[in-house]
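Remarks on the structure that follows.
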Amino acid sequence: MEKLYEGKAKIVYPGPEAGTYRVYYKDDATAFNAQKRGTIAGKGVVNNRISAQLFRYLEAHGVPTHFLRELSEREMLVRQVEIVPLEVIVRNRTAGTFAKRYGVEEGRPLARALVEFSLKNDALGDPLIYDEAALALGLLSEGELARIRELALRVNEALKAFFLERGLELIDFKLEFGRLPDGTIVLADEISPDTMRLWEVGTGEKMDKDRFRRDLGGVEEAYQEVLRRVVGGAG
């Protein structure tokens, strides 16, 4: 089957139905804008299953997504969308580049959930972009920007509750959104330990891709444990 696109973590193929894509999840892992590369055994299966479960959960909580159904343990069927060229980051505590940027310790609770935007451009290192700059560049409309912010915060509230029931705290996460042919904004890409920080409640143990980024070990085990809790319920 002809590839439409291959990214760092997924391959996109034409779907079996008009207006659909088949998304294949790889075991490849990258960090620091692909400066660090490796493989996490079974990651593609884990991320496909977690993403599918969370897309279904979010749909039930009023968040429209591109997800249609799982096709195999590594593949899902999604609606064709035009990706808005912004990465949307939602933060509940200080961590990662945010903590370094402002010279604060990791783990400080934020007074309010913070929504940030970065330009989706690997060659430029996905730089932060102001709302006004995104609008001035014509990347999206004011209405789309407001809708994306609204949906991102809705996702945050829904997923915080979901993970807390499973003994995990949602620290921050990255989202991507796309436009359906009629212009409707929907959640796209994936939601997995690759795209979020999850810390064990009580201990603060990292259960996400930071274990790969920081050479903490136990990467595969952490991903499998997140999958177990997502699929199986409360931790």
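Read-outs throughout are calculated quantities, based only on the coordinates presented, and are distinct from any laboratory measurement. From a predicted model like this one, the values you see are computed outputs, not experimental measurements. Quick reminder, even Gly has a Cβ in these numbers, built from the backbone with ideal geometry, and neighbours come from all protein chains shown.
Among the listed pairs LYS120/LYS174; LYS120/LYS206; LYS100/LYS209; LYS100/LYS206; LYS43/LYS100; LYS120/LYS160, which have their C-alpha atoms separated by more than 21 angstrom in this model? The answer is LYS120/LYS206; LYS43/LYS100; LYS120/LYS160. Within the listed set VAL104, VAL63, VAL45, the Gaussian network model of the chain (springs between alpha-carbon atoms below 10 Å) gives the highest mean-square fluctuation for VAL104. Using only side-chain charges placed at the Cβ, +1 for Lys and Arg and -1 for Asp and Glu, the dipole size of the chain relative to its Cα centre rounds to 360 debye.
Averaged over residues, the count of other Cβ atoms within 10 Å places the peptides 74-86, 177-189, 121-133 in the sequence 74-86, 177-189, 121-133, highest first. Report summary: the helix-based calculation at 222 nm, which adds -39500 (n - 2.57) for every DSSP H run with n ≥ 4 and divides by the residues of the chain, gives -9500 deg cm²/dmol. The Stokes-Einstein estimate for segment 162-235, based on a Kirkwood radius over Cα pairs and taken at 25 °C with 0.890 mPa s viscosity, is a diffusion coefficient of 184 µm²/s.
Counting only residues at least eight positions apart within a chain, or on another chain, the aspartates and glutamates with an alpha carbon under 13 Å from that of LYS8 are ASP27, ASP28, ASP122, ASP189, GLU190, ASP194. A Cα-only calculation for segment 5-79 places Rg and Dmax at 13.1, 37 Å.
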